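Colleague: I'd like to ask you about the structure that follows.
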Amino acid sequence: MRREKSISSMINVEAPSVARMYDWLLGGIENYAADRAACQDLLEIAPSSKTLARNNRRFLQRVVRVLAQDYGIRQFLDHGSGLPTQDNVHQIAQRVAPDSRVVYIDTDPIVLAHGRTTLEENDQTAVIQADMRDTDAIFADRQVRSLIDFDQPVAALFVSVLHCLPDEDDPAGLVRSVAQRLAPGSLLVVCQLVSDHEEVRAGVTELMRVATHGTWGRVRTTQEVRNYFDGMDLLEPGLVDVVDWRPDPGLTPRRRADDWVEWGGVARL
């Protein structure tokens, strides 16, 4: 009881949370008035934000299924995982292979609280409260090392989180740091918010920096995302709007976000 009370006391319902805003955009209920107000401001700048969030979630679900089913991946590290919702990484992977192991990583205390509740009966899965920038601490964490064998291939996921990092935190350097620690045959999944519209890039970046008290990064360009994958071998179809990454047959036409997109892909190490 003391641990849960401590987590609850860390949750600030007066300030927007990126995880809770994403939950609202997906139609979830684990959000507060401050999150909903920030999302309404976001929709004024980028009206297709709900479509974008749903496209991103479907990409995550497809990519985990493909990596488990077609590439035999049984270990997943999900950086900046956000709140549990329908068809989480462990559910998708464990439908393919029940022995799949998943570690969720997030700094938001509400993610930790909900994650522990959701996963308390799944001993192949854990959620840890950690800063995704602290690669040393994550790879040394007791729970991580009890589930993940770093001598075997791992899928490291950075799905819609790197735009939360400012340039001075060097998101490309973070990706390289994680990639260098993974065994051959591992896979790296990266996508982030990009836009060709300067007013969208500037408007969303300013809104989110204000909402998060300066702890957000920025909307970037497609070339900047390409730089995350320098020296890596991309799986087909390469770097794309995530709606075009191995789409499920029979689900056309695909709805697109027209003012900004999630842009990314998958590399094999």
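Colleague: Output the qualifying pairs, or none if there are none: Cβ atoms under 9 angstrom, residues six or more apart or on different chains, first residue in the range 197-213 and over 20 Å from Arg36 (Cβ atoms), second residue among the β-branched types (Val, Ile, Thr) and in a helix (DSSP H, G or I).
Modeller: Note: pairs meeting the criteria are Glu199/Ile45; Val200/Ile45.
Colleague: While we're here: Can you go through Gln75, Gln91 and tell me which one is free of Cβ contacts under 8 Å to residues at least 12 places away in the same chain and either closer than 19 Å to Val63 by Cβ or among the basic types (Lys, Arg) (or both)? Lay out the reasoning, then the answer.
Modeller: Values: Gln75 fails: free of Cβ contacts under 8 Å to residues at least 12 places away in the same chain.
Only one candidate qualifies: Gln91.
Colleague: Only one residue in Gly185, Gly238 is in contact with a Pro (Cβ under 8 Å, 6 or more places away or on another chain) and either in a strand (DSSP E or B) or in contact (Cβ under 8 Å) with a residue 24 or more places away in the chain (or both), so which one is that?
Modeller: Details: Gly238 fails: in contact with a Pro (Cβ under 8 Å, 6 or more places away or on another chain).
On inspection, the qualifying residue turns out to be Gly185.
Colleague: When you scan the range 31-48, do you find a residue that is at pLDDT 85 or above, at negative phi and of a type in the set (Lys, Arg), even just one?
Modeller: Yes, some residue in the range 31-48 is at pLDDT 85 or above, at negative phi and of a type in the set (Lys, Arg).
Colleague: Right, next: Do you know which residues across the range 6-65 are part of a loop (DSSP other than H, G, I, E, B) and acidic (Asp, Glu)?
Modeller: Just the residues of the range 6-65 that are part of a loop (DSSP other than H, G, I, E, B), to begin with: 10-17, 26-32, 46-48.
Matches in the range 6-65: Glu14, Glu30.
Colleague: Within the range 108-148, restricting attention to residues that are in contact with a strand residue (DSSP E or B) (Cβ under 7 Å, 6 or more places away or on another chain) and in a loop (DSSP other than H, G, I, E, B), which residue is surrounded by the most Cβ atoms within 10 Å (Cβ to Cβ)?
Modeller: Looking at residues that are in contact with a strand residue (DSSP E or B) (Cβ under 7 Å, 6 or more places away or on another chain) and in a loop (DSSP other than H, G, I, E, B), I get Met132.
The values are calculated or read from the model by the stated rules, or taken from the named source; none is laboratory data. Given the structure is predicted, the values throughout are model-derived calculations rather than measurements. Here Cβ is always computed from backbone atoms with ideal geometry, including for glycine, and neighbour counts include all displayed protein chains.
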